[in-house]
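As structure tokens, the structure follows; a few thoughts come after it.
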Amino acid sequence: MNRQPLNIKTSILICTYNRGDLINGTLKAVIVDQSVKPDQIVVVNGGGENNCVDILIKWRKVFKELIIVDTINKNLSHSRNIGLVKCIHNLILLTDDDARPYPNWIENIIFYHQKYPKAGNIGGEVFDNQSVTFLSKVADIVTFPRYEKEKKVKTIPGVNSSFKRAAILEVGEYDTLLFRGEDVDYNWRVLKKGWDIIYVPSIKVKHIHRTSWSQLFYQHYMYGRAYFILRKKW
């Protein structure tokens with residue numbers, strides 16, 4: 001059932017760097033597989049040895065409203081700031097080049113933004129693309145929060161976020177001094193402006209988790225360093 005109202009349009013923002021072998025699956029998930037199609041997709045491409053430029057050009061032939069923005073990679077905050085100004089529609093949906101949103105992702109996001117008009121950001125469950133190994137199950141538990149019911153929360157991972165454009169216009173840019181934790185900082189600023197942040201379990205994104213214990217440990221070591229900087233800022 002298509003629940004999309006005529007007056008709500010969506011922009012999807014994806015930032016990529018050195019992930020030419022992954023973003024093809026992301027674009028298929030948001031262009032081909034969705035029950036409700038996006039109105040615009042903005043990809044900020046930081047290049048790298050594994051550049052995805054050829055894949056992006058291929059998908060632009062399929063989806064004419066794919067905007068490709070080339071940049072020199074600095075960090076995710078910098079790339080998101082570049083991309084946000086290109087996003088023109090009511091809702092701005094964020095995901096990553098290693099993510100696979102569910103087919104009803106856009107449809108659900110639109111529905112719940114109507115249900116929660118005071119929500120500046122709405123997101124949901126993030127889980128491993130495989131979810132069969134012990135490592136993937138541990139990564140699910142320790143990396144991404146998960147709740148059984150809809151609820152107000154303090155932050156939502158950037159890989160499965162959707163902002164009202166009005167909230168982004170109030171909050172402004174991501175903090176480019178943060179090398180990690182920029183999504184937490186941004187969410188806290190959304191709350192500070194008086195908006196709610198809502199977690200909805202049925203808004204789902206598959207994520208390609210780290211493939212080794214050492215990568216997972218390093219990821220959380222870097223999260224810890226970033227969180228220390230973030231707490232000092234606040």
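The values are calculated or read from the model by the stated rules, or taken from the named source; none is laboratory data. Keep in mind that what you see is a predicted model, and the values were worked out from it rather than measured. Here the Cβ positions follow ideal geometry from the backbone for every residue, glycine too, while neighbour counts run over all protein chains shown. SASA here: full protein model, heavy atoms, side chains in, ligands and nucleic acids out. Shrake-Rupley method; radii C 1.70, N 1.55, O 1.52, S 1.80 Å.
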Show me the strands (runs of 3 or more DSSP E) found entirely inside region 1-82 where at least 3 residues are open to solvent by 10 Å² or more (accessible area, probe 1.4 Å) and either more than 17 Å from residue 159 (Cβ to Cβ) or without any contact (Cβ under 8 Å) to a residue 12 or more places away in the chain (or both).
66-70
Whichever residue in region 150-172 is assigned to a helix (DSSP H, G or I) and within 15 Å of the chain's Cα centre (by Cα) and, among such residues, is farthest from residue 73 (Cα to Cα)
165
Answer with yes or no whether residue 106 is open to solvent by 20 Å² or more (accessible area, probe 1.4 Å) and part of a helix (DSSP H, G or I).
no
Using the structure shown, decide if residue 175 is in contact with a Pro (Cβ under 7 Å, 6 or more places away or on another chain) and under 29 Å from residue 128 (Cβ atoms).
no
From (1) over 15 Å from residue 14 (Cβ atoms); (2) at pLDDT 95 or above; (3) over 15 Å from the mean Cα position of the chain (by Cα); (4) surrounded by 15 or more Cβ atoms within 10 Å (Cβ to Cβ), pick out the condition that doesn't hold for residue 124.
(3)
Answer with yes or no whether residue 161 is closer than 20 Å to residue 19 by Cβ and at pLDDT below 60.
no
Hey, residue 100 in contact with a helix residue (DSSP H, G or I) (Cβ under 9 Å, 6 or more places away or on another chain), part of a helix (DSSP H, G or I) and at pLDDT 95 or above or not
no
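So that you can scan it fast, the table gives a plain yes or no per residue for (1) open to solvent by 20 Å² or more (accessible area, probe 1.4 Å); (2) at pLDDT below 95; (3) assigned to a strand (DSSP E or B):
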site	(1), (2), (3)
174	no, no, no
178	no, yes, no
183	yes, yes, no
189	yes, no, no
197	no, no, yes
209	no, yes, no
217	yes, yes, no
